[in-house]
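All remarks here apply to the structure that follows.
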Amino acid sequence: MDPQAFIRLSIGSLGLRIPGTAINSTKPGVGALSSPCSCEIRLRGFPVQTSSIPVVLSPEAIPDSHSIASSFYLEESDLKALLAPGCFYNTHACLEISVFSGRKGSHCGVGIKRQLIGTFKLDVGPEWGDGKPVVLFNGWIGIGKSKNENGRHGAELHLRVKLDPDPRYVFQFEDVTRLSPQIVQLRGSIKQPIFSCKFSRDRVSQADSLSNYWSGSGDGSDVEAERRERKGWKVKIHDLSGSAVAAAFITTPFVPSTGCDWVARSNPGSWLIVRPDVSIPDSWQPWGKLEAWRERGIRDTVCCRFHLLSETQEGGELLMSEIHINAEKGGEFFIDTDKQLRAATSPIPSPQSSGDFAALGQVIGGFVMSCRVQGEGKSSKPMVQLAMRHVTCIEDAAIFMAVAAAVDLSIEACRPFRRKIRRTPRHS
């Protein structure tokens, strides 16, 4: 498998020094202003990201060099767009970090306006496309226009901006997951078959090794039953030789919660993600669990929460991701420890590892996978990206295809139950 080139732009080691400002100190060397400080991080073509900024009290103190406040992931087309001349007098795009004091919001109906402390800008240059690790900036810099008696900037921002190559494998389901599509790897305009996907929603036969985990299912062809509950759904991922290398199946049925007609957070449906047990032929070993439910609001969302299963972790489950996806338009499910688990430095262990997950906590994870799906009732052909560093063999990629299939099917499984199912004539 050949990866595609991606780079990771990380902004971290944030700290702020403002001489003469009143500070509520809770830790030696680092504290917080009486009004909290935050920043907005902008890069052309990407959503604005926000982060809090700790205030540094001691002149000698340096913020944690390993902390990551924000990350952007860029592919070749993104770099070309950033390096292309912009409108008016802006030659190229730039990374812009605006630092504010105070919070957005209101008090007693009166709006509270944040105060801009200063802005840091870093131009996008040709070195961004070299594909090599490079530190673009590291240290203190004065921001804003206010200066003290010595002529120095009143506010100083500490940050570390770094580029790292982050190659990824890109996969595409060729058709709707329910239609048991082929899964191909994308490399430019080249499509290479890698897996096949087999979906079913019948009762598992006793000859199937998955029956050891099954909670039982009704007649999957009974449309009326599916109006009351959705269960018995199963997806198997096969390699090119036809061997099953990963699977996902519903263990907790998707049923309407009491007093409503949708799957609520209080009683989510769940999938078990399994891989072949290398020590016991024709058997499976649990690897992950995906829970899903529907959140009602102005725009309904489907929440997908993924746990990694571990025999050594206390409680046996490690939360890796909880993502809300627009039920109508679809969206992106991802596992990215930079975004969701900054306190944990755990990678996803290889599905072919010994199963003791001893590697947890030893390597910074960062981006692991993403899966883009369509909204309910739409023809969804999931697009999956995997970080190359988390894939050591074909089985590693297969287990994430099972996760992607479960996410995609969860959009349909979480649709309201009283909604009429469109019937198509048998003869057209």
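The values are calculated or read from the model by the stated rules, or taken from the named source; none is laboratory data. Keep in mind that what you see is a predicted model, and the values were worked out from it rather than measured. Cβ placement follows ideal geometry from the backbone for every residue including glycine, while neighbour counts extend to all protein chains displayed. Surface areas here come from the heavy atoms of the whole protein model, side chains and all, with no ligands, DNA or RNA. Shrake-Rupley method; radii C 1.70, N 1.55, O 1.52, S 1.80 Å.
To keep it simple, each residue is scored yes or no on (1) surrounded by fewer than 14 Cβ atoms within 10 Å (Cβ to Cβ); (2) within 26 Å of the chain's Cα centre (by Cα); (3) assigned to a strand (DSSP E or B).
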{"position": "ALA264", "(1), (2), (3)": "no, yes, no"}
{"position": "SER270", "(1), (2), (3)": "no, yes, yes"}
{"position": "PRO281", "(1), (2), (3)": "yes, no, no"}
{"position": "GLU291", "(1), (2), (3)": "no, yes, yes"}
{"position": "ARG299", "(1), (2), (3)": "yes, yes, no"}
Original post:
What are the residues in the stretch 378-428 that are at pLDDT 95 or above, closer than 16 Å to ARG168 by Cβ, open to solvent by 10 Å² or more (accessible area, probe 1.4 Å) and not polar (S, T, N, Q), if any?
Top reply: MET383
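When you scan the stretch 27-61, how many residues do you find that are assigned to a loop (DSSP other than H, G, I, E, B), open to solvent by less than 60 Å² (accessible area, probe 1.4 Å) and either within 21 Å of ASP338 (Cα to Cα) or modelled with pLDDT of 75 or more (or both)?
Taking the stretch 27-61 and keeping what is assigned to a loop (DSSP other than H, G, I, E, B), we get 27-29, 34-36, 43-48, 53-54, 57-61.
Pick out the ones that are also open to solvent by less than 60 Å² (accessible area, probe 1.4 Å) and you get 29, 35-36, 43, 46, 53-54, 58, 61.
If we keep only those that are either within 21 Å of ASP338 (Cα to Cα) or modelled with pLDDT of 75 or more (or both) too, we end up with 36, 43, 46, 53-54, 58, 61.
Result for the stretch 27-61: 7.
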Original post:
Is the stretch 190-210 home to any residue that is at pLDDT below 90, among the β-branched types (Val, Ile, Thr) and in contact with a strand residue (DSSP E or B) (Cβ under 9 Å, 6 or more places away or on another chain)?
Top reply: yes
Original post:
So which residues in the stretch 142-164 are open to solvent by 50 Å² or more (accessible area, probe 1.4 Å), closer than 20 Å to SER58 by Cα and at pLDDT below 95, if there are any at all?
Top reply: LYS147, ASN148, GLU149, ASN150, ARG152, HIS153
**OP:** Taking THR345 as the residue in question, decide whether it is touching a helix residue (DSSP H, G or I) at 6+ places or on another chain (Cβ under 8 Å), at pLDDT below 75, among the hydroxyl-bearing types (Ser, Thr, Tyr) and over 26 Å from CYS414 (Cα atoms).
**Re:** yes
**OP:** Please name all residue pairs, on different chains or six or more residues apart, with Cβ atoms under 9 Å, provided the first residue is in the stretch 118-133 and is of a type outside the set (Asp, Glu) and the second residue is assigned to a loop (DSSP other than H, G, I, E, B) and open to solvent by less than 10 Å² (accessible area, probe 1.4 Å).
**Re:** VAL124/LEU43; VAL124/ALA93
